[in-house]
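K.L.:
Have a look at this one before I ask anything.
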Amino acid sequence: QVQVVESGGGLVQAGGSLRLSCTASGRTFSSPTMAWFRQAPGKEREFVAGIIGSGSDTYYADSVKGRFTISRDNAKNTVHLQMDRLKPENTAVYYCNVAGYCSGYICYPGGYWGQGTQVTVSS
């Protein structure tokens, strides 16, 4: 059974920073693609950032480029999302996804999701 656990959400003022973390456990992953998605109230879930197994390639939604940074630690099956210069429109539940794939400019989800972590940015 696979477990995907996120942490690091919270409430922050506009312009501030948060760092999300996600750890996958429960089976032997071979450096899977890991990605973050988010879902705001009344909106569909959307891609935010992704990183392939080697960590050599990263992908970002246009709306977060230059402000968010994704990184990973394969020894711990962990991915981080550093979010800087946050905006109120970044408010959403952020979900970690494991074992998807990346193509073109975005990543597509695989079968393993975390429970989500709430990020709220006040104006």
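The values are calculated or read from the model by the stated rules, or taken from the named source; none is laboratory data. Nothing here was measured: the structure is a model prediction, and the numbers come from that model. Neighbour counts run over all protein chains shown; Cβ positions are idealised from the backbone, glycine included. Side chains included, ligands, DNA and RNA excluded: accessible areas come from the protein's heavy atoms. Shrake-Rupley method; radii C 1.70, N 1.55, O 1.52, S 1.80 Å.
K.L.:
Would you mind telling me the share, in percent, of accessible area of the stretch 1-113 contributed by carbon and sulfur at probe 1.4 angstrom?
P.N.:
47
K.L.:
Turning to a different aspect of this structure: Share of antiparallel DSSP beta bridges in the chain, in percent to the nearest 5?
P.N.:
So the antiparallel bridges in the chain amount to around 90 percent.
K.L.:
Fully extended, how many nm does the chain gain between Ser123 and Gln39 (0.36 nm per residue separation, minus their Cα-Cα distance)?
P.N.:
Contour length minus Cα-Cα distance gives 28.3 nm.
K.L.:
Hey, another quick one. What FRET efficiency comes out for Glu89 versus Ser25 if R0 is 30 angstrom and r is the Cβ-Cβ distance? Round to the nearest 0.05.
P.N.:
The pair Glu89/Ser25 has a calculated efficiency of 0.40.
K.L.:
Show me, for the stretch 56-67, the HN-Hα J-couplings you get by feeding each phi into the Karplus relation (A = 6.51, B = -1.76, C = 1.60, θ = phi - 60°), rounded to Hz, glycine and proline as x.
P.N.:
With coefficients 6.51, -1.76 and 1.60, one gets 6, 10, 10, 9, 9, 5, 4, 5, 10, 4, x, 10 Hz.
K.L.:
Tabulate in residue order the Karplus-calculated ³J(HN,Hα) for the stretch 106-123, using 6.51 cos²θ - 1.76 cosθ + 1.60 with θ = phi - 60°, rounded to whole Hz; enter x for Gly and Pro.
P.N.:
Listing the rounded values in order: 9, 10, 10, x, x, x, 10, 10, x, 7, x, 9, 7, 10, 10, 10, 8, 8 Hz.
K.L.:
Hey, quick one: spin label on Gln13, modelled 7 Å out along Cα-Cβ, who in the stretch 48-90 has an amide N within reach, i.e. under 19 Å?
P.N.:
Only 83-90 pass the distance filter.
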